[in-house]
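> Here's a structure for you.
Read-outs: derived from the displayed coordinates by stated rules, not from any lab. In this text the structure is predicted, and so the values were computed from the model without any measurement. Here the Cβ positions follow ideal geometry from the backbone for every residue, glycine too, while neighbour counts run over all protein chains shown.
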Amino acid sequence: MRAVVTGGAGFLGSHLCERLLDDGVEVLALDNFLTGTPANVEHLLGREGFSLLKVDVTEYVHVPGPVDQVLHFASPASPIDYLQLPIETLKVGSIGTLHALGLAKEKGARFLLASTSETYGDPQVHPQPETYWGHVNPVGPRGVYDEAKRYAEALTMAYRRTHDVDTAVLRIFNTHGPRMRPNDGRAIPAFATQALAGQPITVAGDGSQTRSILYVDDLVEGIMRLLRSDLEGPVNLGNPHEVSVLHLAETLKRLAGSDSEIVFVPRPVDDPSVRQPDIGLARRELGWEPAVGFEEGLSRTLAWFASRSGAAPLR
């Protein structure tokens, strides 16, 4: 088996490349390093069957030889990234998806789109099932990411219906783990690095908004099950355990043994009030659900940030 992973040097893409290699799949990772970094896959470069190419999938994608699977994970994915890179985000969701689908069509490969829970926007249905169409502000600052992913889903389904490409769409809920960038603007990297440094922990709004937190190993397991199934999706992959952002901050502070003060800052525009996946479909069809506990996952991520920052061992 041979797989192409776009965004292969990103946080999620790098974990996916590692798992595919462990499962005996040859992997070609494509990345333009806009938000990813070669350092994320440095430990894979010497492994047989792995190669990394600097490629911008919005320009052109050509891969010689057979390809069995195309996993499209290229995209800025944190608020800081897509607010600073709005055009690039829209281009990779549209033109990049077009090129990745074209590769899958050419090779007769199974295509898997990494979509997002952000397609649900600030949801009016809770928890969110795959049948919910979402509540997205297309002209707000977050629309560049939300609508790029919604368009990517529509394009994927068009290729399935028109060109008979074997496609699957997954919607990823908040995921964390090693190789996240400390300054990527998401809650867990921010809270973890602030707690470890003894800095104020900045919680948006009053912290009552909720998130459902998934550890990266669980996500990768779900992705592999979806990839090897015949499901077309969309399929939610996330943790149905819902927590408030304030509780998340308090938990990371406690796990870090930190004396940091929790302070409240303005909420970003269109910040979702709730986020919780209905994972009934993944449970029924893939036999999947999260296996790593909430605090266990956070402890692993915190330990990784501590190892990179030179912070004292966790207490």
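> Sort largest first and round to whole Å: the equivalent ellipsoid semi-axes of region 195-285, each the square root of five times a Cα gyration tensor eigenvalue.
So the three semi-axes of region 195-285 are 32, 16, 10 Å.
> Another question about this same structure. If I take every Cα pair under 8 Å that is 6 or more residues apart in region 87-246, average their sequence separation and divide by the length, what percent do I get for the relative contact order?
Values: 225 pairs, mean separation 41.0, N = 160.
The value is 26 percent.
> Out of residues 5 or more away from residue 278 or on other chains, whose amide H comes under 5 Å of its own, with H placed 1.01 Å from N in the peptide plane?
128
> So which chymotrypsin sites (Phe, Trp or Tyr not before Pro) in region 44-145 pass both tests, a DSSP loop state and at most 14 other Cβ atoms within 10 Å of the Cβ?
Numbers: sites: 50, 60, 73, 82, 111, 120, 132, 133, 145; in loops: 60, 73, 132, 133.
Listed in order of number, the matching sites are 60, 133.
> Any idea what the relative contact order of the chain is, in percent, if you count C-alpha pairs under 8 Å spaced at least 6 apart?
On the way: 647 pairs, mean separation 52.7, N = 315.
Relative contact order for the chain comes out at 17 percent.
> Looking at the chain, send over the antiparallel percent of its DSSP beta bridges, to the nearest 5. Working shown, then result.
Numbers: 3 of 38 bridges.
Among the beta bridges of the chain, antiparallel pairing accounts for roughly 10 percent.
> May I pose another question? Assuming R0 = 25 Å, what is the FRET efficiency of residue 206 and residue 126, from their Cβ-Cβ distance, to the nearest 0.05?
Efficiency at R0 = 25 Å is approximately 0.85.
> Determine the relative contact order of region 224-315: mean sequence separation of Cα pairs under 8 Å and six or more apart, normalised by residue count, in whole percent. Before the final figure, lay out each step's value.
On the way: 55 pairs, mean separation 37.3, N = 92.
Computed value for region 224-315: 41 percent relative contact order.
> Given q = 0.13, 0.16, 0.29 Å⁻¹, what are the Debye log10 I(q)/I(0) values for region 28-89, with equal point scatterers placed on the Cα positions and solvent ignored?
Taking Cα atoms of region 28-89 as identical point scatterers yields -0.42, -0.62, -1.37.
> Provide 95, 201 in ascending order of the number of other Cβ atoms located within 10 Å of each residue's Cβ, fewest first. Don't skip to the answer; put the middle values down first.
Working: 95 15, 201 25.
Ordered from fewest to most neighbouring Cβ atoms within 10 Å, 95, 201 come out as 95, 201.
> Another question about this same structure. Restricting to lysines 8 or more places apart or on different chains, can you count the pairs in the chain with Cα atoms under 26 Å from each other?
Value for the chain: 9.
> Output the Kirkwood hydrodynamic radius of region 1-125, Cα pairs only, in Å rounded to one decimal. Show your work: numbers first, answer last.
Details: mean 1/r = 0.0680 Å⁻¹.
Value: 14.7 Å, from the Cα pair sum.
> Taking the Cα atoms of the chain, what is the range of coordinates along each of the three principal axes, in descending order and whole Å?
Rounded to whole Å, the extents work out to 56, 45, 38 Å.
> Taking region 41-111, which GluC sites (Glu not before Pro) meet the DSSP loop condition and have no more than 11 other C-beta atoms within 10 Å?
Working: sites: 42, 48, 59, 88, 106; in loops: 48, 59.
Those that pass, being in a loop and sparsely packed, are 48, 59.
> I've got another one for you. Between beta-carbons, use under 13 Å as the cut-off and find the net charge around residue 113, counting Lys and Arg +1, Asp and Glu -1.
Working: positive: 110, 149, 150, 160, 171; negative: 153, 166, 232.
Residues near residue 113 contribute +2 overall.
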